[in-house]
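Report on the structure given below.
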Amino acid sequence: MNRAIFTLIIGILFLSQQESKAQSWELGVFGGGIGYVGDLNPKNLFQLSNPAYGILVKRNIDPYWSIKLSILHGKIEAADSNSNNSAQILRNLSFFSPLTEISMQGEFNFFNYIPSMSRKKYSPYLFAGGSLALFNPKTRYQGEIVALNGLKTEGTFYRKYTIAIPYGAGIKYNIAGNWTLGAELGYRTAFTDHLDDVSGKYPKENVNGLSDRSEERVGVISPFREGYQRGDSKKRDTYFFSGFTLTYTFISSKCPPAF
């Protein structure tokens, strides 16, 4: 987390040194929820896992375009036991993972928007960019919390960080003076299929009893063998943030009146 904050500060200093006609800076906070879509939750695109929070800084280039740097944090999780799919229930896997995201995004306002200066007090907006996500999938097993990454539950190694592509939409409203309240939903396509430690096929051996957990269910004899598909056919997991932002805009003297 300290490394993430350092990266954000460097990004802010870099932007502040650029010669630009940018009209303002924004500083703010994010509060809401985080969700996950992947092998253990393949269909529910709006299911939130846990609360999420973060900080952000934005350089407004003009009333329509801006560049945003942010750090967001939350915990994703899912369990086959919560599924309505009989095959998932039999598989009986589960995970949770802290997730910290460092992101740079471009943002486009549909309307001319400068807090306290624009005629319109609100604007819908779109955003997209690039992110670095840090994660560490774990599970609960026999009363203990077990980190899954080093166990190679599918016989393969993966890194605990990934590049992701954020994209989404929101709406912002000038609630008073230079204060803006926003609501947004943003998905992240991760360049990994291991946010949940589930991706490929069952290995030859049941690593620490965590590769195949179907027999933990009373009366079940595992039907899964080496080479059977353990995850779904998709090659990338997805996570998302949904919530509210509260920002304060520092308006430059260079900024002309907006209409």
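The values are calculated or read from the model by the stated rules, or taken from the named source; none is laboratory data. Treat the numbers as computed from the prediction; the structure is a model and nothing was measured. Neighbour counts run over all protein chains shown; Cβ positions are idealised from the backbone, glycine included.
If the requirement is being within 22 Å of PRO42 (Cβ to Cβ), hydroxyl-bearing (Ser, Thr, Tyr) and surrounded by fewer than 16 Cβ atoms within 10 Å (Cβ to Cβ), which of these qualifies: THR192, THR162, THR156? Just a single option satisfies the conditions, and that option is THR156.
The test for being more than 23 Å from SER242 (Cα to Cα) and under 24 Å from the mean Cα position of the chain (by Cα) does not hold for LEU126. Condition check: at pLDDT 95 or above, assigned to a loop (DSSP other than H, G, I, E, B), closer than 21 Å to GLN88 by Cβ and of a type in the set (Val, Ile, Thr). Does VAL220 satisfy that? No: the conditions fail for VAL220.
Name the single residue, out of those in the range 51-69 being surrounded by fewer than 20 Cβ atoms within 10 Å (Cβ to Cβ) and in a loop (DSSP other than H, G, I, E, B), that is modelled with the highest pLDDT. Out of the qualifying residues, it is TYR64. If the condition is being more than 12 Å from the chain's Cα centre (by Cα) and small (Gly, Ala, Ser), then the range 35-85 contributes GLY38, SER66, ALA78, ALA79, SER81, SER83. Out of SER103, SER97, one residue alone is within 16 Å of ILE34 (Cβ to Cβ), of a type outside the set (Asp, Glu), in contact with a Ser or Thr (Cβ under 9 Å, 6 or more places away or on another chain) and surrounded by 15 or more Cβ atoms within 10 Å (Cβ to Cβ). It is SER103.
Only one of these is crowded, with 20+ Cβ neighbours inside 10 Å, of a type in the set (Ser, Thr, Tyr) and either part of a loop (DSSP other than H, G, I, E, B) or modelled with pLDDT of 95 or more (or both): SER253, SER233, SER199. Name it. Don't jump to the end; show me each part of the working.
Numbers: SER253 fails: crowded, with 20+ Cβ neighbours inside 10 Å; SER233 fails: crowded, with 20+ Cβ neighbours inside 10 Å.
Matching residue, one of SER253, SER233, SER199: SER199.
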